[in-house]
Amino acid sequence: METAAPLGEIIQEIKNVGGSAFKYCYRCGKCDVVCPWNRVRAFSIRRIVQQASFGLPEIELEDMWRCTTCGTCPSECPRGVQQIQVGLALRRIASQYGVFPGSAHTVGAIRGALSVEGNPMGEDRRKRGAWAEALSVNPFSEGMEILYFVGCYYSYDPRMKRVAAATARILQKAGVDFGILGEAESCCGESIRKTGNEDVFRKLARDNIKAFIDRGVKKILVSSPHCYHTLKNEYPDFMVHFEVVHVSQFLLQLVDQGRLRLTRPLPRRVTYHDPCYLGRHNGIYDEPRKLLGAVPGLELVEMPDNRKASLCCGGGGGRIWMDTPKKERFADIRIDQARAVGADVLVTACPYCISNFEEGKLSLPDGDPFEVKDLTEVIHESLEGIEQTL
Ligand code: SF4
Ligand code: SF4
């Protein structure tokens, strides 16, 4: 395990990041206008950037943990200020000294679970591949077409395991020669990094990279946009390169190549929610929509706040592990938007979005037919000659 950076060094980093950011800021306030927090409560990332530039904090500790790293404010800032980087520098110092107030009190335990078991739930590492046992999924071996890097939530969470099963069945139906790492897979480390725990992130990344290299992995399929972002954009900092594809991209390729035929009609009115780490952070907007468009009978309608302006579900930046009061949940706003455009299915492609929307759906009246589905589950449903129960 690496030793953490000394306090003085981190304070200097905050000043550097905050100061250079603030130097460019001309206080137009656009970042605060577009931030989803300001739909549910007062919050000013502009003020945090300003306060950070003076060294440290009068910053309210709870505010330090609010940013979901959704990427909206940096993408809208006319001066190119990197608000997320300022927030992360502050979290690094908080994590260094174990300052996890209120909503962030769970971070310490999650850091421990990730260090011991390689997943944030503290589940047994040896059971990471258990979801696949009944599906005849093989361990990855050199020469296979692709490694399916499953991710923590799809490996252990009962709701998300259905998505992993759908993915495996689709790949089998298309004749893709794929395998998984099972207990040799660890969390990608994206979210713990966003809480400022750089040392845990580096350990997880190195463990995964070693597992890839040992097995001769060249191409990696991921379900989570958070895994996608990290494996594709951040693992190259370790001087390695693997081809990384998100499941929406890979399944569309299979359809376009004629390896996957979507023939079972699904007469549903569907809307698609762009996950922050798939859309805004990585520019993948069209593939999920094209896939849904290839399903016979399916009608795709758009919500407000779509594509680059997508409304964060509230789960990024480690917030998936933190409590958010019911009246401050962005996911509830999103469900209202989906229902307002007459959709009976809200489709997305991220485990955090699915978890937050499923939680929000619990407030709907009993018997309401509105559904939350992963893109992969919809594609699975549109295949013929396949066991439909997941
Ligand atoms: S959008 Fe950019 S320039 Fe405008 S207040 Fe925010 S940080 Fe400053
Ligand atoms: S990245 Fe998103 S959540 Fe964070 S301050 Fe900017 S708009 Fe708000």
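In the stretch 127-142, how many residues are over 20 Å from Phe212 (Cβ atoms) and assigned to a helix (DSSP H, G or I)?
6
Within the stretch 64-86, is even one residue outside the structural domain of Cys350 (by TED's automatic domain parsing), free of Cβ contacts under 8 Å to residues at least 60 places away in the same chain and more than 16 Å from ligand 1 (Cβ to nearest atom)?
yes
State yes or no: is Lys219 under 24 Å from Ser136 (Cα atoms) and touching a strand residue (DSSP E or B) at 6+ places or on another chain (Cβ under 7 Å)?
So Lys219 passes the test.
For the stretch 103-126: of the residues being in a helix (DSSP H, G or I), touching a residue at least 24 places away in the same chain (Cβ under 8 Å) and of a type in the set (A, V, I, L, M, F, W, C), which is farthest from Arg202 (Cα to Cα)?
So in the stretch 103-126, the residues in a helix (DSSP H, G or I) come out as 103-104, 107-117, 125-126.
If we keep only those that are touching a residue at least 24 places away in the same chain (Cβ under 8 Å) too, we end up with 103-104, 107, 110-111, 114-115, 125-126.
When the remaining residues are screened for being of a type in the set (A, V, I, L, M, F, W, C), the result is 104, 107, 110, 114.
On the way: Ala104: 21, Val107: 17, Ile110: 15, Leu114: 12 Å.
The residue in question is Ala104.
I'm checking my understanding of the structure. Among residues of the stretch 344-390 that are small (Gly, Ala, Ser) and surrounded by fewer than 14 Cβ atoms within 10 Å (Cβ to Cβ), which one is nearest to Trp321 (Cα to Cα)?
By that ranking, first place goes to Ser363.
Considering only the stretch 256-276, I want to know if a residue exists there that is out of contact with any Phe, Trp or Tyr (no Cβ under 6 Å at 6 or more places or on another chain), within 22 Å of Val176 (Cβ to Cβ) and part of a helix (DSSP H, G or I).
Looking for residues that are out of contact with any Phe, Trp or Tyr (no Cβ under 6 Å at 6 or more places or on another chain), within 22 Å of Val176 (Cβ to Cβ) and part of a helix (DSSP H, G or I), one finds at least one in the stretch 256-276, hence yes.
Quick check: anything in the stretch 188-196 among the charged types (D, E, K, R) and over 17 Å from the mean Cα position of the chain (by Cα)?
Residues of the stretch 188-196 that are among the charged types (D, E, K, R), as a first pass: 190, 193-194.
Filter once more, so that each one left must be over 17 Å from the mean Cα position of the chain (by Cα): none.
Checked the stretch 188-196: no residue is among the charged types (D, E, K, R) and over 17 Å from the mean Cα position of the chain (by Cα).
Kindly establish whether Lys290 is among the basic types (Lys, Arg), within 22 Å of Cys67 (Cβ to Cβ) and either part of a helix (DSSP H, G or I) or in the same structural domain as Cys227 (by TED's automatic domain parsing) (or both).
Considered against the rule, which asks whether it is among the basic types (Lys, Arg), within 22 Å of Cys67 (Cβ to Cβ) and either part of a helix (DSSP H, G or I) or in the same structural domain as Cys227 (by TED's automatic domain parsing) (or both), Lys290 comes out as no.
The values are calculated or read from the model by the stated rules, or taken from the named source; none is laboratory data. Fair warning: this is a prediction, and the values are worked out from it, not measured in the lab. Reconstructed Cβ throughout: ideal geometry from the backbone, glycine too, with neighbour counts over all protein chains shown.
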